[in-house]
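Read through the structure below, which is laid out as structure tokens, and then see the notes.
The values are calculated or read from the model by the stated rules, or taken from the named source; none is laboratory data. Predicted, not measured: the structure shown is a model, and the values here were computed from it. Reconstructed Cβ throughout: ideal geometry from the backbone, glycine too, with neighbour counts over all protein chains shown.
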Amino acid sequence: MTAGIPPWHGHGFLSRKPELAAVESLLRGVPAGRGGAIVVHGEAGIGKTALLERAVAAFPGLRALRTSGTGTAGLPHGALHELCEPVLPHAETLPGPQRNALEVVFALRDGPPPEPSRLGHAVRGLLAAAAREQPLVCLVDDAHALDPASARVLAFAARRARTAPVALLVAGRGDTPPDDFAGLPAHRLTGLGRDDALVLFGARLRVPLDPRVRDRLVAEARGNPRTLLELQRHAAEPGAGYGPPPPDDRPPGAPGAPGVLDGLPPATRRLLLLAAAEPLGDPALLWDSARRLGIGPGAAAPAEAAGLLRLDGRVRFADSRLRSSVHRAAEPDERRAVHRALAEATDPGTDPDRRAWHHAQSVLAPDETVAATLERSMPRARDRGGLAAAATFLGRAAALTPAPARRAARALDAAGLAFRAGAIDEASALLATATAGPLDAHDRTRAGLLSARLGLQNGRCGDAVAPLLDAAAALAAHDRPAAREAALDALAAALAAGRLGTRPLPPTARAATGHGPGDRPLDLLLDALAVQVTRGDAAAAGPLRAAVDAHLAAPGALSAWLACGAAADLWDDEAWHVLAERQLDAVRRTGARGVLPLALRQLALARIHAGEFDGADALVAEAHAATGPWEVTAPVQADLVLTAWRGDGGRLDRLIETGARVARDRGRGQLLSVLDLATAVLHNGAGRYETALRAARRAARYDDPGLHAFVPSEVVEAAVRAGRPELAEPVMERLVERTLVSGTDWAAGIGLRSRALLTGGPHAEDLYREAIHRLERTRAVPQLARTRLLYGEWLRRESRRGDARAQLRRAHETLAAIGAAGFAARAARELAACGDRPARPGTTPLERLTPQETRIALLVAEGATSKEAAGRLFLSPRTVDAHLRSIFRKLGLTSRRQLRDLRPYLPEADGVTRSRGPVR
């Protein structure tokens, strides 16, 4: 049993201590046979579901059943079906009348509808019977929307759950519990406190934001977590601290929607528009602007009386979306007048950028004075709001510029900022404005470079190489730093193209080195990578080391994501980790969202290497939501490797199918090598060495930079375990050369382990022991555990069972703890062969099948019909079908054919022998 719900600082649970304590107390008693129920209620988005799900996740020993009123609304007993179907086979243990009632409701037999109390007793009995196998927690979400029949039965069972190892957690909307659940222990969730709301708002905010704007957004959210996250997404949009408020997607007539403005005096409506256009919530600024528009203090009273606006220390709307409704309902000339008044009232000495912004919104025709003021204010806007705010300022300046040449130049500068901010659509539109006007030769080259960079968004990597090289050559004569940046982009695109691009890469290398050395980290990296792709790792070791060191000494360099790959090829996991963390911090600080997916990928991969799978998972999730020219590739790479280490073959197959299609469509050959690497890791973990060998050899054949520290050892392990060590020899030669040149503990450990696999006799033990010693001094926790596993396997084959158990136990404990389920299962099998029986980690959907479900799944996967499986297991065909519904739900399947596809991944089950063909 868990030690309790862990403390957390970031998703809004700091304000939920009483509720969490009550739920924790209930769940702690369930394994001891003390059940019960708790109802959590409150307004939409207040965090009811998140609180209950978090509590349940902290007690993995409880089996969770779920249902939702919104997902089953309108279906009689629909929620009951969803909740109880996974445990329906346990109905066979119930008394006849109760079993009959359930079978009628579940359409397993004909008969009149059962009396509600009998059905309630049957459901309570069914849950209690299932809980004898494993204690249960039942989550009933959106209870206010449950179908009446399900609500009555579930409330009946909740009131009688105290004497069984069953807990019911009910979440419903409203100030009071749903009617059927009245009288049960209940907790009403209210908004988060200010401090906790600030923590939640800032936890996922990945761009700079003016603290005054942040405070106003948080205040208007009134502590509602869902609203805070919606506003947080808006805050990440370009120029959010200056531009219009977030859109209001509520239907007319909803509380706070545009209809509530009807009937207000004109002066009040104008005062509300003024408050909506002023993002800081500054009362002095509001009333100064109102005076300039002829609006007196009395205009606020109707808005306050209607509950729309609060005027105290800050100006706050009662609902954050009301601000958008007011802004959208106004006529354009009304909005311009309000912004003009705000500009006149804003102090030019303390807030020049916001004054310039309001001026820009107050004019309709081009105005060079306003445009120039915006351009001068752009650096301050960038400091406050990051690259996106700077792009917004300069883009608006371009729109207000009368002279065509000046307008084109400003639009080009704004497009570059927008691209770096990850605002690809905005960058494309600004580039179109720039290229439509007259540009000098230098700016035409810059426009071509940006066009090539944008081409990476939807085009093929290999197709971008030539335009990037052309831009580098054109820039070389008058802007050498920019030329080398373009050359590095070309080299990076060529590396990403990998096997689907031009190999070898001498044209790229010549362009990368043709401008002479430089002293920036980027210059050193460019030269080092050029040496690596043309002359190999041994020749590039010194230049790569210098480039990595330069990036370590210059935190925040945007080329650090490439330097991370160089650090990995140098087997320097400490530098890799530091560079990845620093770059992600810099990207978030500056708002350079164009490279955010790349920074997330590198840190996620570094954390996978360190065995920090949960931290990597969070980064992968963020990468999936990030935007940028490389977003298709970046998240998939880390997700693939993480899924492989977790041993989730079904999910990896789906990712590989998508990843292979993306790789071929976008010409990203390096991604194909990552697919092969992930496949090798998965199958080496599962002991399917021939499959691992094919994939690993394919990746080794193309030898993509950035993967040099990972692929060769997978080839060696798979080849030796498949009984084909001769296939490992060519790769081993390459591995020895690279590890000797590197000299790090990580390199030495992997090299020694690989040599041990190919070495017979007592010398192998010395190699394994030294490999473990060296890896213990690195971040490579999973690789250390794998080395102990290999050493333990060798010891068992040497008939040294006691020594083998010691190594295998440590390997299993580590692999299970970090979530490397495939390798943990392999270690468990080896331990079992030594006479030891470790607990199974249960980290994949396949491992969540009950023993009976596993037996049925194996038989059906082998081709048995329900009747045949029932005969083999002495069950009824109806029971087998009920089990199959549970199996399909757990594994996300819809057909028996899909189950047959999973046959190689299914665990063995007692009483079932695998056959070579269908069971007939």
Enumerated helices (runs of 4 or more DSSP H) restricted to region 350-457, each holding at least 3 residues that are closer than 21 Å to H339 by Cα and out of contact with any helix residue (DSSP H, G or I) (no Cβ under 6 Å at 6 or more places or on another chain): 368-399
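Looking at A337, A330, A397, A409, can you tell me which residue is touching a residue at least 24 places away in the same chain (Cβ under 8 Å), surrounded by 22 or more Cβ atoms within 10 Å (Cβ to Cβ) and not assigned by TED's automatic domain parsing to the domain that holds G591?
A397
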Give the residues of region 746-766 that are surrounded by fewer than 20 Cβ atoms within 10 Å (Cβ to Cβ) and either among the basic types (K, R) or part of a helix (DSSP H, G or I) (or both), sorted by residue number. H763, A764, E765, D766
From A557, A540, grab the single residue that is at pLDDT below 95, small (G, A, S) and farther than 19 Å from P712 by Cβ. A557
Subset tally (residues that are in contact with a Gly (Cβ under 7 Å, 6 or more places away or on another chain) and of a type in the set (S, T, N, Q)) for region 736-777: 1
Given the conditions (1) free of Cβ contacts under 8 Å to residues at least 60 places away in the same chain; (2) within 23 Å of A824 (Cβ to Cβ); (3) among the aliphatic types (A, V, I, L, M), which single one is not true for M732? (2)
On the basis of being outside the structural domain of E717 (by TED's automatic domain parsing) and at pLDDT below 90, does G792 make the cut? no
State whether one or more residues within region 748-771 are under 22 Å from R698 (Cα atoms) and in contact (Cβ under 8 Å) with a residue 60 or more places away in the chain. yes
Which residues, counting only those in region 767-781, are buried (at least 22 other Cβ atoms within 10 Å of the Cβ) and outside any helix (DSSP H, G or I)? T778, A780
Identify, please: which residue in region 305-349 is in a helix (DSSP H, G or I), over 30 Å from P379 (Cβ atoms) and not polar (S, T, N, Q) and is, among those, modelled with the lowest pLDDT? R321
Just to be sure before I move on: is A306 over 23 Å from L364 (Cα atoms), surrounded by fewer than 20 Cβ atoms within 10 Å (Cβ to Cβ), touching a residue at least 60 places away in the same chain (Cβ under 8 Å) and aliphatic (A, V, I, L, M) in the structure I sent? no
If you go through region 794-827 one residue at a time, how many are within 38 Å of the chain's Cα centre (by Cα) and either in a helix (DSSP H, G or I) or among the hydrophobic types (A, V, I, L, M, F, W, C) (or both)? 22
Being over 31 Å from the mean Cα position of the chain (by Cα) and touching a residue at least 40 places away in the same chain (Cβ under 8 Å) is the requirement here; does V153 meet it? yes
Please go through region 519-544 and pick out each residue that is over 15 Å from P705 (Cα atoms) and either surrounded by 15 or more Cβ atoms within 10 Å (Cβ to Cβ) or under 33 Å from the mean Cα position of the chain (by Cα) (or both). R520, P521, L522, D523, L524
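Would you confirm, using the coordinates I've provided, whether V56 is under 20 Å from R878 (Cα atoms) and either of a type in the set (A, V, I, L, M, F, W, C) or out of contact with any Asp or Glu (no Cβ under 8 Å at 6 or more places or on another chain) (or both)?
no
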Which numbered condition trips up W571, out of (1) over 20 Å from A490 (Cβ atoms); (2) in a helix (DSSP H, G or I)? (2)
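Name the single residue, out of those in region 850-909 being of a type in the set (S, T, N, Q) and not in a helix (DSSP H, G or I), that is modelled with the highest pLDDT.
It comes out as T865.
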